[in-house]
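For reference, the structure is listed below as structure tokens.
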Amino acid sequence: MLRLTAPACHLHVFGPDAAEPVRHRLFRDWLRAHPDDRERYAAAKRAASVATRAAGGHGMDYNARKEAVVRELHARLFAATGLTPAP
């Protein structure tokens, strides 16, 4: 991951055969197609941001605070697309 302060940016770089970019696109497309899940994810991000700032935390704390919602959405997404068995 590369960081830039102006403008504020975290840039993730993956190799040509990495699965991570595909997972991110699947998640993006899922959220676009499922408004209730999109709002749940947005609410988790907002709450994680507020709590992390209030605690003086960093990015990993923020990620940990929204992890349960992300894992739940991934489970539904991957099951719906046949990548894993239904939860």
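The values are calculated or read from the model by the stated rules, or taken from the named source; none is laboratory data. Please read all numbers here as calculations on a predicted model, not as lab measurements. A quick note on method: Cβ atoms are made from the backbone with ideal geometry, for glycine too, and the neighbour counts reach across all protein chains shown.
Only one residue in R46, R23, R65 is modelled with pLDDT of 95 or more and under 21 Å from L77 (Cα atoms), so which one is that? Walk me through how you get there before you give the answer.
Working: R46 fails: under 21 Å from L77 (Cα atoms); R23 fails: modelled with pLDDT of 95 or more.
Just one listed residue meets the conditions, R65.
Taking segment 32-84 as the region of interest, how many residues are of a type in the set (V, I, T) and more than 21 Å from H10 (Cβ to Cβ)?
Taking segment 32-84 first, the residues of a type in the set (V, I, T) are 50, 52, 69-70, 81, 84.
Okay, now just the ones that are also more than 21 Å from H10 (Cβ to Cβ), so 81, 84.
So the answer is 2.
Is it the case, given these coordinates, that A86 is surrounded by 10 or more Cβ atoms within 10 Å (Cβ to Cβ) and touching a helix residue (DSSP H, G or I) at 6+ places or on another chain (Cβ under 7 Å)? Talk me through it step by step, then tell me what you get.
Values: surrounded by 10 or more Cβ atoms within 10 Å (Cβ to Cβ): no; touching a helix residue (DSSP H, G or I) at 6+ places or on another chain (Cβ under 7 Å): yes.
It is false that A86 is surrounded by 10 or more Cβ atoms within 10 Å (Cβ to Cβ) and touching a helix residue (DSSP H, G or I) at 6+ places or on another chain (Cβ under 7 Å).
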Exercise. Which members of segment 3-18 meet the condition of being loosely packed, with under 10 Cβ neighbours inside 10 Å and assigned to a loop (DSSP other than H, G, I, E, B)?
Worked result: A6, P7, V13, G15, P16, D17
For this session: State whether one or more residues within segment 48-68 are surrounded by 10 or more Cβ atoms within 10 Å (Cβ to Cβ), assigned to a loop (DSSP other than H, G, I, E, B) and under 17 Å from the mean Cα position of the chain (by Cα).
Result: no
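Limited to segment 26-37, what total is found for residues that are in a helix (DSSP H, G or I) and either modelled with pLDDT under 95 or over 21 Å from A64 (Cβ atoms) (or both)? Can you show your working first?
From segment 26-37, those in a helix (DSSP H, G or I) are 26-33, 35-37; that's our starting set.
Keeping just the survivors that are either modelled with pLDDT under 95 or over 21 Å from A64 (Cβ atoms) (or both) gives 26, 28-30, 32-33, 35-36.
Result for segment 26-37: 8.
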